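I have placed the structure first, in the form of structure tokens, so that the comments after it can refer back to it.
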């Protein structure tokens, strides 16, 4: 009986690796797959039992599978590398009406970034804050056509910017803004700020978690990928940042990240979880759905998270980069 749960977990993980579930309860379970290993801790006292050889072997197999499938990034921080940064970037979903403008100002002051990409920010206080706009004199504050509160603030001149004109069938509203920055010395860099729709879970009397559907989000990620691919290979430095509402355990993440460097995986620490479901986790992030991606013209130097409880359900991402 003690072997039933770990054996079932191994079978599920093999299924997870071979058969993609894009909707329904299977897809939702995949999102939280690493946390299915936590109950194994209840079996640890039984390892002291003299006849527990099979249990020890199975738990060791579970540990190896967890490390292979869900192992955290174990990079060594290099302060001297971050000090060589030519571009410091913050990306943060401030959770509409969640983060006060004073808290936003404090976080930006603490991390002293050159470029700030925001999602779900309240635009009016930004427009009225002369001191903040003096610090970031070049800014793109999207209008009501886009997803709530898309913004890019920059110390570098924005020489070109826009909202892509993408196929209507994929989008409930535009969810991408981009800016080309003049870094001086004839150098430019592109910053793309994106916020695809969350997966849809239709909670009605006759349709509970089995109606979890990633299709609309995956369609938007596919359209986003088609937009950024020519930019990725153009030879111009490109950063793709934002809240993508996808975990690295889903096929859409593989579509999104292909050909990019996942900055957290390259230079970050640990699991890199960025989202917490409010009161249910005591403020501890449980899923990684916010990302920074760099093309081969940008070298990531450092990546950290600010997960202090400022009122958002997301952590702020802070990355330091050097142009190749």
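The values are calculated or read from the model by the stated rules, or taken from the named source; none is laboratory data. None of the values given here were measured: they were computed from a predicted structure. Ideal geometry is used to build each Cβ from the backbone, glycine not excepted, and the neighbour counts take in all protein chains shown.
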### Query
Condition test on residue 230, is it in a helix (DSSP H, G or I) and under 25 Å from residue 184 (Cα atoms)?
yes
### Message
Can you pull out every residue in region 267-303 that is part of a strand (DSSP E or B) and within 21 Å of residue 237 (Cβ to Cβ)?
### Response
290, 291, 292, 293, 294, 298, 299, 300, 301, 302, 303
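So that you can scan it fast, the table gives a plain yes or no per residue for (1) without any contact (Cβ under 8 Å) to a residue 24 or more places away in the chain; (2) surrounded by fewer than 20 Cβ atoms within 10 Å (Cβ to Cβ); (3) not in a strand (DSSP E or B):
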{"site": "91", "(1), (2), (3)": "no, no, no"}
{"site": "121", "(1), (2), (3)": "no, no, yes"}
{"site": "124", "(1), (2), (3)": "yes, yes, yes"}
{"site": "127", "(1), (2), (3)": "yes, yes, yes"}
{"site": "133", "(1), (2), (3)": "yes, yes, yes"}
{"site": "143", "(1), (2), (3)": "yes, yes, yes"}
{"site": "148", "(1), (2), (3)": "no, yes, yes"}
### Task
With the condition kept exactly as written, say whether any residue in region 249-262 is crowded, with 23+ Cβ neighbours inside 10 Å, assigned to a loop (DSSP other than H, G, I, E, B) and at pLDDT 95 or above.
no
### Query
For region 105-119, how many residues meet the condition of being touching a strand residue (DSSP E or B) at 6+ places or on another chain (Cβ under 8 Å) and assigned to a helix (DSSP H, G or I)?
4
### Query
Of the residues 9, 40, 17, which is assigned to a helix (DSSP H, G or I), in contact (Cβ under 8 Å) with a residue 40 or more places away in the chain, in contact with a helix residue (DSSP H, G or I) (Cβ under 7 Å, 6 or more places away or on another chain) and not assigned by TED's automatic domain parsing to the domain that holds residue 245?
9
### Summary
If you go through 94, 146, the only one that is more than 26 Å from residue 272 (Cβ to Cβ) and under 20 Å from the mean Cα position of the chain (by Cα) is 146
### Task
Check 55, 47 and return the single one that is outside the structural domain of residue 276 (by TED's automatic domain parsing), over 14 Å from residue 10 (Cα atoms) and either part of a loop (DSSP other than H, G, I, E, B) or modelled with pLDDT under 95 (or both).
47
### When residues of region 234-248 are limited to those that are in contact (Cβ under 8 Å) with a residue 60 or more places away in the chain and farther than 19 Å from residue 321 by Cα, the one surrounded by the fewest Cβ atoms within 10 Å (Cβ to Cβ)
247
### Query
Listed residues 56, 84; which is touching a residue at least 40 places away in the same chain (Cβ under 8 Å) and more than 23 Å from the chain's Cα centre (by Cα)?
84
## Note on the structure
Scanning region 189-205 for residues that are assigned to a strand (DSSP E or B), at pLDDT 95 or above and under 23 Å from residue 120 (Cα atoms) gives 190, 191, 192, 193, 194
### Message
Restricting to region 179-188, and then to whatever is at pLDDT 95 or above and surrounded by fewer than 22 Cβ atoms within 10 Å (Cβ to Cβ), can you tell me which residue is farthest from residue 154 (Cα to Cα)?
### Response
187
